[in-house]
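Derivation of every value follows stated rules applied to the coordinates shown; laboratory data play no part. Predicted, not measured: the structure shown is a model, and the values here were computed from it. All Cβ positions, even for glycine, are placed from backbone atoms using ideal geometry, and neighbour counts span all protein chains on display.
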Amino acid sequence: MIAAAPIERTIELTHVLHYEAAVLDDGQFEDWLALLHPEVRYVAPVRIDVSPSDQEAPEHSLSFFNDDLMSLSGRVAKLRTGLMQTEYPPSRVVRLITSILVTREEVDGVQPVRSAFLVYRQHRQRDVEMLAGHRRDQWVKLDGAWRLKRRDIAFAANVLPAKSLPLFY
């Protein structure tokens, strides 16, 4: 069994994840950017289906996105222009964050947090998408506040049923 972090830390980080989902759902992207560490990595690698009998999964460098703070800020700026076809008008989005696991494995101030997500997106009248997956995060305290230093997103599907990926997961 994985050792759990102290309950106070688990409650604190659970609140941070729920706050993050709320600001993203409300389109408050600048508030979301404020939650990010200056050295953040935000990665969603393409997953490969392999047989359980295979000892090692093949290595590749394909990803749906692999962002740092500059590229995430650029994505937010692009959303704010109103010229992004896939987000004009803005989608109605609901993020469900669950299965939050805060472990005791803190090393060098990095707190690992695992969670699952389901993102419902409706764009215009009939475009509806749902994406699910897991996230493996690394959170650090910076100036007394938790900041996301790394997020690895593993979508449940390796072929996504989405026309684009304008959202944050």
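In debye, nearest 20: dipole of segment 56-114 around its Cα centre with unit charges on the Cβ of K, R (+) and D, E (-)?
Working: 7 positive and 8 negative charges, 113 e Å.
Using only the charged Cβ atoms, the result is roughly 540 debye.
Of all GluC sites (Glu not before Pro) in segment 92-169, which ones are in loop regions per DSSP and have a Cβ with at most 11 other Cβ atoms within 10 Å?
Numbers: sites: GLU105, GLU106, GLU129; in loops: GLU105, GLU106.
When the GluC sites (Glu not before Pro) of segment 92-169 are filtered for loop state and at most 11 Cβ neighbours within 10 Å, GLU105 remain.
Taking amide hydrogens as modeled 1.01 Å from N in the peptide plane, which residues meet the under 5 Å criterion relative to ILE100, leaving out close sequence neighbours?
The list, which skips near neighbours in sequence, is ALA116.
Is segment 58-130 best put as rounded, prolate or oblate by its Cα gyration tensor, with a ≥ b ≥ c the root eigenvalues, rounded for a/c under 1.5, and otherwise prolate when a/b is larger than b/c, oblate when not?
Prolate is the answer for segment 58-130, as a/c is 1.5 or above and a/b outweighs b/c.
Can you put PHE155, PHE64 in order of Cβ neighbours within 10 angstrom, beginning with the fewest? Please report the intermediate quantities before stating the final value.
Working: PHE155 22, PHE64 15.
Exposure proxy ranking, most exposed first: PHE64, PHE155.
Tabulate in residue order the Karplus-calculated ³J(HN,Hα) for segment 107-124, using 6.51 cos²θ - 1.76 cosθ + 1.60 with θ = phi - 60°, rounded to whole Hz; enter x for Gly and Pro.
10, 6, x, 8, 9, x, 9, 10, 8, 10, 9, 9, 10, 9, 9, 10, 10, 6
With the crude spin-label approximation of a point 7 Å out along Cα→Cβ, what separation in nm comes out for HIS18 versus ASP49?
My value for the distance between the label points is 3.7 nm.
What is the calculated FRET efficiency for VAL110 to LYS78, with r their C-beta to C-beta distance and R₀ = 45 Å, to the nearest 0.05? Don't skip to the answer; put the middle values down first.
Details: r = 30 Å, r/R0 = 0.67.
Computed FRET efficiency for VAL110 and LYS78 comes out at 0.90.
By counting other Cβ atoms within 10 Å of each Cβ, how are PHE65, PHE168, PHE29 ranked from fewest to most?
Working: PHE65 15, PHE168 23, PHE29 18.
Lowest to highest Cβ neighbour count: PHE65, PHE29, PHE168.
List the residues, sorted by chain then number, that are 5 or more residues from PHE64 or on another chain and whose placed amide H is less than 5 Å from its amide H.
When sequence neighbours closer than 5 places are left aside, the close amide H contacts are ALA44, VAL46.
Determine, for VAL119, VAL76, the number of other Cβ atoms within 10 Å of each Cβ, and report the residues in order from fewest to most. Spell out each step's value before the answer.
Numbers: VAL119 22, VAL76 14.
By the 10 Å Cβ count, ascending, the order reads VAL76, VAL119.
Considering all projection directions equally, how large on average is the shadow of the alpha-carbon convex hull of the chain, in square nanometres? Kindly include the intermediate steps, with their values, before the conclusion.
Numbers: hull surface 45.1 nm².
Averaged projected area of the chain's Cα convex hull equals 11.3 nm².
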